[in-house]
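Enquirer: The structure is given below, and queries will be raised subsequently.
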Ligand code: TRP
Ligand code: SF4
């Protein structure tokens, strides 16, 4: 039986951090073992909000591909490419735009939300309204049946299903209606205790060296009630403990970290030392892989060229069927 086909993309808006590693990338790494996977950098989608200053998009595209490879996305198993190298997506976007009722786009919840959130940018553009339709073209051009995304993207996959259904109804059954595969994001706090995010300045990046990771963990926010060394603490309200849950074996947490914190037998610096002992062996190899790859840009270029060629074979086939169905 043929393997199912997975497609997902990320906008190149900055380097990836631990939130991405334990959310999307862990998930992709598992999916690449079981499915035929297409993963791409959505640089046109970055342009929908960053059109006034596109200067960072190209560099971020390469950084993100380095992050993927360093995290174990395997170009032998998954097809990796960059959206703007695939004009086929744009042609399909135009063709689908002919059958897309405007209200379908206007009522996508992210449309008005994001416009509110990014008030500093003028997003009253055709490109921004059409964002989810371009995303639909990205998906259906590969006839992907599964699309791993976070919960915020589910309405986009839903719109994609509606478009595919409408196309198949108007012409002939060419397009596949995809399912969203909801990605679970474990709770990853940043160094200030808020959700890890590049824009909060609290992130630990895949590109951070072990020294930088250590320097970020040492001053990390802890249980705010634990002001002095001999105040007992509460791991349940401590963001450092949320990281322990990811990196430190349960046995050591239960026998040492939790009782040590609650009785003030250990201090927060001791506790962070234990965290680093488990964290560094996980993040250092990713950092080292990344460093090594960053010194071989021609290898990364080769991976993307091969991925683009593979993706094009599939995209061209679908596009030919679509043109034929639309009597072009
Ligand atoms: N909109 C997605 C995001 O913000 C990125 C994306 C573009 C995407 N095209 C896609 C995701 C197709 C899945 C499938 O993260
Ligand atoms: Fe947090 Fe550890 Fe300090 Fe307890 S000892 S407050 S778990 S950092």
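The values are calculated or read from the model by the stated rules, or taken from the named source; none is laboratory data. Because the structure is a prediction, the values reported are computed rather than measured. Using ideal geometry, Cβ is built from the backbone for each residue, glycine included, and neighbour counts are taken over all protein chains shown.
Enquirer: Only one residue in 213, 240, 274 is surrounded by 14 or more Cβ atoms within 10 Å (Cβ to Cβ), touching a helix residue (DSSP H, G or I) at 6+ places or on another chain (Cβ under 9 Å), in contact (Cβ under 8 Å) with a residue 60 or more places away in the chain and outside the structural domain of residue 60 (by TED's automatic domain parsing), so which one is that?
Expert: Just one listed residue meets the conditions, 213.
Enquirer: Let me ask something else about it. Quick check: is even one residue across the range 21-31 more than 13 Å from the chain's Cα centre (by Cα) and either surrounded by fewer than 17 Cβ atoms within 10 Å (Cβ to Cβ) or over 22 Å from residue 188 (Cα atoms) (or both)?
Expert: yes
Enquirer: So which residues in the range 140-173 are more than 12 Å from ligand 1 (Cβ to nearest atom) and over 22 Å from residue 37 (Cβ atoms), if there are any at all?
Expert: Once the filter is applied, which keeps residues that are more than 12 Å from ligand 1 (Cβ to nearest atom) and over 22 Å from residue 37 (Cβ atoms), the range 140-173 yields 162, 163, 165, 166, 167, 168, 169, 170, 171, 172, 173.
Enquirer: One residue is enough: does the range 53-73 have a residue meeting the conditions within 11 Å of ligand 1 (Cβ to nearest atom) and assigned to a helix (DSSP H, G or I)?
Expert: Taking every residue of the range 53-73 in turn, none turns out to be within 11 Å of ligand 1 (Cβ to nearest atom) and assigned to a helix (DSSP H, G or I).
Enquirer: Here is a follow-up. Do we find a residue being under 30 Å from residue 91 (Cα atoms), buried (at least 17 other Cβ atoms within 10 Å of the Cβ) and within 16 Å of ligand 1 (Cβ to nearest atom) anywhere in the range 281-303?
Expert: no
Enquirer: For the range 165-174, name all the residues that are part of a loop (DSSP other than H, G, I, E, B) and touching a residue at least 60 places away in the same chain (Cβ under 8 Å).
Expert: Across the range 165-174, the qualifying residues are 171, 172, 174.
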